[in-house]
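S.K.: First the structure, then my questions, so here it is.
The values are calculated or read from the model by the stated rules, or taken from the named source; none is laboratory data. Keep in mind that this is a model prediction, so the values were computed, not measured. Here the Cβ is made from the backbone with ideal geometry for all residues, glycine too, and neighbour counts use every protein chain on show. Just the protein is used for accessible areas: all its heavy atoms, side chains included, with ligands, DNA and RNA removed. Shrake-Rupley method; radii C 1.70, N 1.55, O 1.52, S 1.80 Å.
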Amino acid sequence: MRNRVSEFFESLTGAELARETHRHLWVADWLRVADDYRLFAESARRDGSAWIVSEAGLCSLTALEVARSLSCPEDPALAGLAGKVGANLKAFMDGFGPAIERVEIDGLDRGPLSGFFVPASRGGPCAPAIICIGDEDITLDSMMSRLLPATRGGTTSLLFLAAGASPGRRGVEPEQMLQCWLDYLEARQDVDAQQIAVYGEGTGASRASRLAVSDCRIAAAVCDAGLLTSVARRASVHWMTGVDDRASNGELPPSHRIACPLLMVVGSRSMLREREALELQATYWRAGADCSVVVPNRIPHPLGEVENFIAADNFIVQWLDSKFGAARQFDPVTYL
């Protein structure tokens, strides 16, 4: 199913995406595929075929994510799409897949914090873990429905957190709340405390960067490397003073450097531009740091762009696995 989706994205052209009737037909087709797999999963569930139930449920979630990526805000089908994703994900969590725990921890003076923990499907008694931080503009359901199939049958546990689900009180930084989650993972006997990574999308990529900078327990980070925060600060200074506050030597202050291996994902998911990511990567290289950049294949059209999320997610998961000890090397810059 994932190969089929990736091939579909690679076959798209901007001219085809610009035709509204084409997009509406594709959205309808993928929604129908999602419904077919959902019904297949429900049938297999009645027959007690747990493995088929799980696989069909994941296929349904993947098809829904394809429909979402092809949709535009004004598309009629988009109105009910979030509900379909939520319902299918709930069905998967209730019985289609592995035990997915809804966890809540005490954020001390920050109030309760909630998330979803997905244990590794195979491996030893304790496994690496990835803290996945969502984007404020994309639902947590969407991120889970996309990443669960990508990590299916893996040796890494996942902790899903919504970017804006647990706002801190005044004076409390987001990374302080994330450190509470680090404490939680360290206390779990099924998590390898020496191999905890963080992955952020959109606004979550900026929060992932701040956590990686502030906490040495992070073993690897997929983030924006602090680039968006730096750009926003420079823009603010320039607006107030008229001075372009760029570092004259192109170096990052030591307090803003990420010490662990890091990967920057160019595109709408992280809001990074290729030129900025490559410039920042060069800065990290000069400091002797492990910094990689991946540029997913994106198909532009008049209403935006469509990205092959299958290829991007596969690469991210494989890159993280390599930092957890898998014997695979990646080029410093990868174009998918």
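S.K.: Specify the residue that is modelled with the lowest pLDDT; the eligible residues are those in region 286-300 that are open to solvent by 30 Å² or more (accessible area, probe 1.4 Å) and under 27 Å from residue 1 (Cα atoms).
M.R.: Among those residues, the one meeting the criterion is 300.
S.K.: Exactly one of these conditions fails for residue 305: (1) modelled with pLDDT under 90; (2) within 27 Å of residue 134 (Cβ to Cβ); (3) part of a loop (DSSP other than H, G, I, E, B). Give me its number.
M.R.: Failed condition: (3).
S.K.: Next question, about the same structure. Return yes when residue 275 is more than 26 Å from residue 219 (Cβ to Cβ), open to solvent by 80 Å² or more (accessible area, probe 1.4 Å) and modelled with pLDDT of 85 or more and no when it is not.
M.R.: Yes.
S.K.: Tally the residues that are surrounded by 15 or more Cβ atoms within 10 Å (Cβ to Cβ) and either at pLDDT 85 or above or among the acidic types (Asp, Glu) (or both), restricting the search to region 215-248.
M.R.: 10
S.K.: Restricting the search to region 302-318, which residues are in contact with a Leu (Cβ under 7 Å, 6 or more places away or on another chain), touching a residue at least 60 places away in the same chain (Cβ under 8 Å) and either among the small types (Gly, Ala, Ser) or surrounded by fewer than 19 Cβ atoms within 10 Å (Cβ to Cβ) (or both)?
M.R.: Matches in region 302-318: 311 only.
S.K.: Within region 275-288, does at least one residue satisfy the condition of being closer than 14 Å to residue 261 by Cα and outside any helix (DSSP H, G or I)?
M.R.: yes
S.K.: Look through region 150-174, keep the residues that are farther than 20 Å from residue 107 by Cα and at pLDDT below 90, and return whichever of them is surrounded by the most Cβ atoms within 10 Å (Cβ to Cβ).
M.R.: 151
S.K.: While we're here: Among the residues of region 33-86, which ones are among the charged types (D, E, K, R) and either part of a helix (DSSP H, G or I) or at pLDDT 85 or above (or both)?
M.R.: 35, 36, 38, 42, 45, 46, 47, 55, 65, 68, 84
S.K.: So how many residues does region 319-335 have that are open to solvent by less than 70 Å² (accessible area, probe 1.4 Å) and either aromatic (Phe, Trp, Tyr) or in a loop (DSSP other than H, G, I, E, B) (or both)?
M.R.: Selection size over region 319-335: 6.
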